[in-house]
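Each remark here refers to the structure printed beneath this line.
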Amino acid sequence: MNAPNGADADAAIVAIGRQILASQPFSRLVGIELDSAQRGRCVLSLPIRADLLQHHGFVHGGALSSLVDIALTYAGATALAVPVVTSEFKVNYLRPALGRRLVARAEAVHAGRNQAVCRCDLYALGDDGSERLCAVAQGTIVKLGEAPAARGEG
């Protein structure tokens, strides 16, 4: 059977990505949604709710970094086409996140055999539909290897 291509491949990537999000208790708790995905790229979003805000009324940095981490990982996973984990990432917060929804657009900048370097732009959507860049991030996503053999203590 031939692998799907084009729109069919993108739909398959989105379906698998949504299954993975649904299986993660933390992603469900926060409310992260996969809007679109294709090889090496994805768009995730998060509705802004009162329970995600910090004491100044902005979206908490932990919610922002969680969305960025997952977006980077999805971009890397779709580029590498293997199970992956985040090795590291860095976020630069540019301005407070305010509005009705956060949107993370991530892409793989480079993908090798075992890792992908990805970047992500995080926007806050205002009530009027305007977008404001709130954060930029870069991370390294690595192929999930075999678990090392358990070692006895002593």
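Filtered by the rule that a residue be in contact with a His (Cβ under 9 Å, 6 or more places away or on another chain) and exposed (fewer than 15 other Cβ atoms within 10 Å of the Cβ), the stretch 27-63 gives a lone residue, GLN54. All of ARG100, ARG105, ARG95 fail the test of being closer than 21 Å to ASP35 by Cα, at pLDDT 95 or above and either surrounded by fewer than 18 Cβ atoms within 10 Å (Cβ to Cβ) or touching a His at 6+ places or on another chain (Cβ under 9 Å) (or both), apart from ARG100. If you filter the stretch 121-143 down to residues that are at pLDDT 95 or above and among the charged types (D, E, K, R), you find that the one that is nearest to ASN92 (Cα to Cα) is ASP121.
The condition of being closer than 28 Å to GLY145 by Cβ, assigned to a strand (DSSP E or B), of a type in the set (S, T, N, Q) and at pLDDT 95 or above holds for THR86. Residue-level analysis places LEU29 outside the set of residues that are touching a residue at least 60 places away in the same chain (Cβ under 8 Å) and not in a strand (DSSP E or B).
Checking LEU44, LEU21 one by one, the residue that is in contact with a Lys or Arg (Cβ under 9 Å, 6 or more places away or on another chain) and at pLDDT below 95 is LEU21 and no other.
The values are calculated or read from the model by the stated rules, or taken from the named source; none is laboratory data. The structure displayed is predicted, hence computed values, not measured ones. Neighbour counts run over all protein chains shown; Cβ positions are idealised from the backbone, glycine included.
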